[in-house]
Amino acid sequence: MSNNSAVYPSLKDKIVFVLGGSSGIGADFVEAFAKQGSKVAFVGRNENSANKLIEKLSKCAFVPKFYKCDITDLKALEDSIDNCVNTIGNIGVLLNNAANDERHEFKDTTYEYFDWEYQTNLRPHVFTAKAVINSMLKLGSGSIINLGSIGWMRKNDKTILYGIFKSSMNGL
């Protein structure tokens with residue numbers, strides 16, 4: 001870890017699960033938690049990016065564990081969480097980060113597109129929280145961090161659905 005980074009001893013050996021950690025902001029969170037000494041597991045679709053991240057973090061005390069997963073498949077997502085709990089331990093931190101900010105014309109929204117946005121940008125976050133509750137109860141505490149977006153604040157009809165679902169993170 002660089003000398004310019006803060007050190008949080010309470011994160012050492014804490015089991016952290018990151019939804020959407022194989023690339024982008026999620027990968028940065030995986031790296032930051034791993035460098036704090038946390039035991040990090042993460043899901044995502046991009047196996048290439050995940051493998052590069054794992055290689056980059058191969059000298060950490062605990063090398064992050066990647067579960068390739070399409071988060072719209074709730075059974076696969078729950079299986080990934082169960083696998084994490086069974087192989088690493090009870091999850092103490094859940095970071096709900098996954099999102100897909102695909103821009104489109106709101107007036108062209110179809111029922112199918114709405115369902116896809118919902119299945120990508122909100123539904124997995126609810127069910128990952130539900131899936132980790134027993135871990136956190138066993139530990140006696142836990143943190144669920146839901147990442148939203150300022151997209152809903154923009155007056156842009158190309159981000160309306162994304163903004164609706166990500167702003168709902170404030171209510172989770």
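General observations
- Rounded to 10°, Cα long-axis angle of helix 123-139 versus longest principal axis of the chain: 30
- Surface listing: Thr159, Thr87, Thr72 arranged by accessible area from highest to lowest gives Thr87, Thr72, Thr159, probe 1.4 Å.
- Paramagnetic label zone (point 7 Å from Cα along Cα-to-C-beta, Lys158; backbone N under 17 Å) in segment 98-120: 100-109
- Greater than 21 Å apart at Cα, pairs in Lys52/Lys130; Lys35/Lys138; Lys35/Lys75; Lys12/Lys35; Lys52/Lys75: Lys52/Lys130; Lys35/Lys138; Lys35/Lys75; Lys52/Lys75
- 0 to 90° range, to nearest 10: angle between helix 74-87 axis and the chain longest Cα axis: 10
- Where Tyr111, Tyr8 fall by accessible area, highest first, once all protein chains stay in place (1.4 Å): Tyr111, Tyr8
- Solvent-accessible ranking of Ser135, Ser167, Ser141, largest area first, probe 1.4 Å: Ser141, Ser167, Ser135
- Ile88-Thr109 pseudo-label distance in nm [points 7 Å out on the Cα-to-Cβ vector]: 3.4
- Compared with the dominant principal axis of the Cα atoms in the chain, helix 24-35 is inclined by about 20°.
- C-alpha center-to-center spacing [segment 1-52, segment 70-101] in angstrom: 14
- Calculated mean residue ellipticity, 222 nm, the chain: -13000 deg cm²/dmol, from DSSP H runs (n ≥ 4) at -39500 (n - 2.57) each, averaged per residue and rounded to 500.
The values are calculated or read from the model by the stated rules, or taken from the named source; none is laboratory data. Every value quoted in this text rests on a predicted model; they were computed, and no experiment measured them. Ideal geometry is used to build each Cβ from the backbone, glycine not excepted, and the neighbour counts take in all protein chains shown. To get the accessible areas, we keep the full protein, side chains included, count just its heavy atoms, and leave off ligands, DNA and RNA. Shrake-Rupley method; radii C 1.70, N 1.55, O 1.52, S 1.80 Å.
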